[in-house]
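Below: one structure, written as structure tokens.
The values are calculated or read from the model by the stated rules, or taken from the named source; none is laboratory data. What you see is a predicted model; the values in this text were computed from it and never measured. Positions of Cβ are generated from backbone atoms using ideal geometry, with glycine treated the same way; all protein chains shown enter the neighbour counts.
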Amino acid sequence: MLGAVDQGLIIALLALGVFLTFRILNFADLTVDGSFTAGTATTAIFIFNGVPPLTATVAGMIAGALAGLMTGVLHTKFHIDPLLASILVMLAMYTINTRIMSLGHDGLERTNVGLLSQTTIFTGLVENRLRGSWVSVTLIGAGVVIVALVVVWFLNTKFGFAVMTTGDNPGMAAAMGINTTRTKIITLMVSNGLVGLCGAVTAQYVGSSFIEDGRGMILIGLASVILGNAIFGTRYLWLAAIGVVVGAVLYRVAIFWALKWEFIKNSDMKLMSAVLVVIALVVSQSKGANALVTRLSPWRRRSDVPEQMSVVPNPFSPMAEVDAAHAAATASQPSKKGTS
Amino acid sequence: MLTLTGVSKTFYPGTANERVALHDVDLELATGDFVTVIGSNGAGKSTLLNIIGGSLPVDQGTVLIGGKDVTRLPAHRRAARVARVFQDPQAGTAPHLTIEQNLAVALNRGRRLTLGRGLTRARRASFAEHLATLEQGLENRMNHRVGLLSGGQRQALSLLMATFTRPDLLLLDEHTAALDPERAELVLRLTAQMIDEHRLTALMVTHNMEHALRMGNRLIMMHEGQIVSSLTPEEKAQAEVSDLLDWFSQKKGGLSDRTLLT
Ligand SMILES: Nc1ncnc2c1ncn2[C@@H]1O[C@H](COP(=O)(O)OP(=O)(O)OP(=O)(O)O)[C@@H](O)[C@H]1O
Ligand SMILES: [Mg+2]
């Protein structure tokens, strides 16, 4: 169970990345599946080649960021739709990741790298049998909280405001002198850098990297973001970020319990992720469920309509929420205070 | 302050949908000029403003702002000098950002995007002062999301965001058209007040003849992609709504003549 919490906390790194693109930049970025494996593959092969684990982890993060850079360039310079641009990169990354895994000192071609006999950032925990204990939860949790704080800090800078404006109203952003090409590319790099970091840490935690590692990771990230935002709301950035971390942990723990059930196999995870995302989407669109969540979570105020996702084709579009909120607000309070 | 020379713009050239939006337009604004722009639908008024703002490239001609050739600069690189308020209240603000965050973005218009803090106590205090001039009570709602404001309040905020950094040039495209008469009047009053206070050079498009006469010191009328009439400050002071309406009917007549000829 605490092992699942460990893993949920690690996935939170990826979920924070997904939060940046889907929620803040309003960019449906599917690069994630590719950049996650880029992280696991790069870190694993670096460690395999004797690079210190911390350096290898940073390398994994950079590999993810470079995947994000590719998507950003395809979208901004060549005007390819976000979804298509990121699918293209996701596909390309499959080959690139295979190449990365084949960079071992022995020159062998690989689709997986084992790290069980290698020194990783978790070696200390493993040797003391502390993986999946309160110690590991505390240590990994502290690391993730620091990353979450950095994300919140980033969004609260001038550059961060520009990123939020780019996602919210690109036309206005340009009129305000914001170079949206730059804000988009940098945000995609930061986001996929976090995803790569998640891959780097995951590879060391589970002790291996496999070419299929990334498949479906975008869904897990989305499920965490939707779940976390539904519980904590998006009124304050820091609360939304905490929500994303908690969402990832809840998601992973839920999977852990589901797997206890005998007839559910490991290979059922992907279907379960998909079903969970569908449920989360449907629930977050339902007024009743929203009211219930609002009542159950002290962090969400009942009057706090903007968080509610409305029934729209793209539930990730921030516009949709505010439009619904605006409709609700004007309907419920006809008197507009303050206007003369 | 602004010089347009021989500016032309055609949409979808060489196709069945070809539309000449601007044809060989010359326009000169001195510092402090406030020019109102009238003209029927499709006359090219918005295209003119879009070209000045940089959101549309020209086919031909040059655009000079403050003596500097900006013809090839994209919108975001002109923003330090040019501020805009759009017709759609949704267009000029970011609905998910709070009022103070929107103002912070506007304050940073055209400046470097650093990793410094977006909002500080000092900046909040100055925003509150500016908001108070709108007399909408927005200074007490600075951490509310802009998406929850009414159209009129949003437009007043857009106007503040466009003017409080004293841009060289202010572009207003039917910025009161989406508001009810009362709000429109309020936003218009604020417009006059801010342009006056900051001594801004401005272009204001409107379909309201009375507004076009009341506001600003010069007036131009556009028709089929050209500036067909222009009133000097002296002429404008004398002109009445009926004169403008006469102009319009003359142009309509001209149009049908030409249609017959071609
Ligand atoms: N993005 C565009 N693509 C194609 N044609 C356009 C585009 N924008 C404007 N046009 C065409 O250019 C011409 C001028 O349009 P413009 O929007 O400048 O007119 P306007 O004077 O602002 O009219 P209105 O009073 O209706 O706002 C019109 O014929 C219009 O159809
Ligand atoms: Mg127009």
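Candidates A:172, A:189: the one that is in contact with a helix residue (DSSP H, G or I) (Cβ under 9 Å, 6 or more places away or on another chain) and within 14 Å of chain B (Cβ to nearest Cβ) is A:172. Being more than 23 Å from residue B:201 (Cβ to Cβ), within 16 Å of ligand 2 (Cβ to nearest atom) and either part of a loop (DSSP other than H, G, I, E, B) or touching a Leu at 6+ places or on another chain (Cβ under 6 Å) (or both) is a property that residue B:17 lacks.
Return a yes/no flag: does the stretch B:145-166 have any residue that is at the interface with chain A (Cβ under 10 Å from one of its Cβ atoms) and exposed (fewer than 15 other Cβ atoms within 10 Å of the Cβ). There is no residue in the stretch B:145-166 that is at the interface with chain A (Cβ under 10 Å from one of its Cβ atoms) and exposed (fewer than 15 other Cβ atoms within 10 Å of the Cβ).
Residue B:140 passes every criterion in (1) facing chain A (nearest Cβ under 9 Å); (2) among the polar types (S, T, N, Q); (3) closer than 27 Å to residue B:41 by Cα apart from (3). When residue B:78 is tested against (1) within 16 Å of ligand 1 (Cβ to nearest atom); (2) within 24 Å of residue A:180 (Cα to Cα); (3) surrounded by 14 or more Cβ atoms within 10 Å (Cβ to Cβ), only condition (1) is not met.
For the stretch B:124-139, indicate whether the set of residues that are under 29 Å from residue B:244 (Cα atoms) and not polar (S, T, N, Q) is non-empty. No, the stretch B:124-139 contains no residue that is under 29 Å from residue B:244 (Cα atoms) and not polar (S, T, N, Q).
Just one of the listed residues (A:24, A:47) is in contact with a helix residue (DSSP H, G or I) (Cβ under 6 Å, 6 or more places away or on another chain) and more than 24 Å from residue A:273 (Cβ to Cβ), and it is A:47. Put simply, of A:225, A:201, A:147, A:151 the only residue that is within 14 Å of chain B (Cβ to nearest Cβ), under 20 Å from residue A:18 (Cβ atoms) and not acidic (Asp, Glu) is A:151.
What residue, of B:64, B:103, B:115, B:107, is more than 16 Å from ligand 1 (Cβ to nearest atom) and either more than 22 Å from the chain's Cα centre (by Cα) or at pLDDT below 95 (or both)? Of B:64, B:103, B:115, B:107, the one residue that is more than 16 Å from ligand 1 (Cβ to nearest atom) and either more than 22 Å from the chain's Cα centre (by Cα) or at pLDDT below 95 (or both) is B:115. Screening residue B:22 against (1) surrounded by 22 or more Cβ atoms within 10 Å (Cβ to Cβ); (2) more than 16 Å from ligand 2 (Cβ to nearest atom) leaves a single unmet condition, (2).
When A:33, A:29 are checked against the criterion of being crowded, with 24+ Cβ neighbours inside 10 Å and not in a helix (DSSP H, G or I), A:29 stands alone in meeting it. When the stretch B:32-45 is filtered for residues that are surrounded by fewer than 18 Cβ atoms within 10 Å (Cβ to Cβ) and within 13 Å of ligand 2 (Cβ to nearest atom), the ones remaining, listed by number, are B:40, B:41, B:42.
Do we have any residue at all in the stretch B:2-11 that's of a type in the set (A, V, I, L, M, F, W, C), buried (at least 22 other Cβ atoms within 10 Å of the Cβ) and under 19 Å from residue B:216 (Cα atoms)? Yes; the residues of the stretch B:2-11 include at least one that is of a type in the set (A, V, I, L, M, F, W, C), buried (at least 22 other Cβ atoms within 10 Å of the Cβ) and under 19 Å from residue B:216 (Cα atoms).
Scanning the stretch B:167-176 for residues that are within 16 Å of ligand 2 (Cβ to nearest atom) and in contact with a strand residue (DSSP E or B) (Cβ under 9 Å, 6 or more places away or on another chain) turns up B:171, B:172, B:173, B:174, B:175. Of all the residues in the stretch A:223-277, those that are β-branched (Val, Ile, Thr), loosely packed, with under 15 Cβ neighbours inside 10 Å and in contact with a Lys or Arg (Cβ under 9 Å, 6 or more places away or on another chain) number 0. Restricting the first member to the stretch B:20-49 and to residues that are within 14 Å of chain A (Cβ to nearest Cβ), and the second to residues that are away from ligand 2 (no atom under 11 Å from the Cβ), the beta-carbon pairs closer than 6 Å and six or more apart or on different chains are B:49/B:171.
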